[in-house]
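Chemist: Dropping the structure in here first, questions after.
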Amino acid sequence: MSAFQLTELGGPWSRRLDPRRRGFDLARPDEIARDLSEADRERGRWVWTQSAVSELASAAAFAEIASALVAAGAPIDLVAAAGEFVADEVVHAEVSGSLAMAFGGAVPLDVDLERLVRPPASVEPLMRAAELLVRTSCIGEALTLPLLKTAARASDHPALAEILANIARDEGPHAELGWWFLDWADDQLDDAARARLSAVATHAVSSFAPLFATTCAGSARGVGMLDCATYDAAFARALSERVAAPLAERGIALALTPCEP
Ligand SMILES: [Fe+2]
Ligand SMILES: [Fe+2]
C-alpha cells in the first residue's frame, strides 16, 4: 500500500484528454478556495482527495467492465462506451486533485491500487459483466448523478457549481450503460441470474451508502458538500427512483435486509 498520488506524463498523452477537459477550467479551483475559512479549506482537502480516489476507482471499474463486456460478447458500442468512460473518470480524478491542491494540498491516504474494484464472484462471462455493471453503473453512478446535481444547485460558488455540473454531465451516460446492458442481456438472464444480481445489488447499496454519507456535513457548501438533511432526502429519492425502481422493472429486487452476495 502507498500514499495516494496522481501523476501525469504530459506531452501528447496529456493532450489526448483535452477534449474531455472542456468545461473544467483547472485554474478556477484557486478562485474557489480564495474566500474560504481555514476549516472549510481543511474539509475541502479531505473531500476532494477522497473524490480523486473514488474517481480513479471508477476509472478502474470501467476498464474492468470494458474487458468483461468483450468477454461476454456484448455489442462493441457498449465496449467502446465503457472504454471512453475510463478517460472521463481520469479527468474527474484530475479535477478533484486540482481542487484538493487549491484547498491546501491532498491529504495523505493509504490506497491499495490493486483493490479499487471488487471482483465479480460469478464465473460465467455474461454474469461477470452483469455484476460489475449493476454495482458500478446501475447503483454507484445512478446514486452519484442526482447527488452531484443537487450539490451543484446548492453550491454557493459559481465556479464550483460549474465543476460539479460538468462532472454530473459526464456521469449521466455512466449511469445509463448498466440499464442498456441489462436490456440487451435480458433473454440470457434466468431466474437464478436475477436472484444473484439481486444479492449483488443489495450488498452494493449497503456498502455504498456509508461511503456516500461521508460527503455530507453540517454546512460546507463552499467546498461542494451537501448539508446532511438535503443529502439524506436526495439519497433516499435517488435510491428509490433511480436504482430500486429500474432494477425491479428488470426483475432484480433490492432486499430490505442487506446480505452478502
Ligand atoms: Fe466520475
Ligand atoms: Fe462516473
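The values are calculated or read from the model by the stated rules, or taken from the named source; none is laboratory data. Please read all numbers here as calculations on a predicted model, not as lab measurements. Cβ placement follows ideal geometry from the backbone for every residue including glycine, while neighbour counts extend to all protein chains displayed. Heavy atoms of the whole protein, side chains included, go into the accessibility calculation; ligands, DNA and RNA do not. Shrake-Rupley method; radii C 1.70, N 1.55, O 1.52, S 1.80 Å.
Chemist: Condition (residue is within 16 Å of ligand 2 (Cβ to nearest atom), modelled with pLDDT under 90 and under 24 Å from L133 (Cβ atoms)) applied to the stretch 172-192: is it met by at least one residue?
Modeler: Kept after step one, since they are within 16 Å of ligand 2 (Cβ to nearest atom), are these residues of the stretch 172-192: 172-181.
Checking which are modelled with pLDDT under 90 leaves us with none.
Scanning the stretch 172-192, I find no residue that is within 16 Å of ligand 2 (Cβ to nearest atom), modelled with pLDDT under 90 and under 24 Å from L133 (Cβ atoms), so the answer is no.
Chemist: Suppose we keep only residues that are buried (at least 20 other Cβ atoms within 10 Å of the Cβ) and closer than 18 Å to E55 by Cα within the stretch 150-161. Which one would you say is farthest from ligand 2 (Cβ to nearest atom)? Spell out how you get there, then give the answer.
Modeler: So the first thing to find is which residues in the stretch 150-161 are buried (at least 20 other Cβ atoms within 10 Å of the Cβ), and the list is 150-151, 155, 157, 160.
Add one more test, that the residue is closer than 18 Å to E55 by Cα, and what stays is 151, 160.
Values: A151: 15, L160: 18 Å.
Filtering first and then ranking leaves L160.
Chemist: Any idea which of L145, L126, L177, L133 is under 24 Å from L226 (Cα atoms) and either open to solvent by less than 60 Å² (accessible area, probe 1.4 Å) or more than 16 Å from ligand 1 (Cβ to nearest atom) (or both)? Show your work before the answer.
Modeler: Values: L126 fails: under 24 Å from L226 (Cα atoms); L177 fails: under 24 Å from L226 (Cα atoms); L133 fails: under 24 Å from L226 (Cα atoms).
Exactly one residue qualifies, and that residue is L145.
Chemist: Specify the residue that is farthest from P173 (Cα to Cα); the eligible residues are those in the stretch 45-98 that are surrounded by fewer than 19 Cβ atoms within 10 Å (Cβ to Cβ) and acidic (D, E).
Modeler: D77
Chemist: Can you tell me which residue is nearest to ligand 2 (Cβ to nearest atom) among those in the stretch 162-171 that are more than 26 Å from R118 (Cα to Cα) and open to solvent by 20 Å² or more (accessible area, probe 1.4 Å)?
Modeler: For the stretch 162-171, the residue satisfying everything is N166.
Chemist: So, one more: Is there a residue being open to solvent by 20 Å² or more (accessible area, probe 1.4 Å), over 19 Å from the mean Cα position of the chain (by Cα), more than 16 Å from ligand 1 (Cβ to nearest atom) and at pLDDT below 95 anywhere in the stretch 205-212?
Modeler: Looking through the stretch 205-212, none of the residues is open to solvent by 20 Å² or more (accessible area, probe 1.4 Å), over 19 Å from the mean Cα position of the chain (by Cα), more than 16 Å from ligand 1 (Cβ to nearest atom) and at pLDDT below 95.
Chemist: So, S122, is that one within 16 Å of ligand 2 (Cβ to nearest atom) and of a type in the set (S, T, Y) or not? Explain how you work it out, then say what you get.
Modeler: Values: within 16 Å of ligand 2 (Cβ to nearest atom): no; of a type in the set (S, T, Y): yes.
Here the answer is no, as S122 does not meet what is asked.
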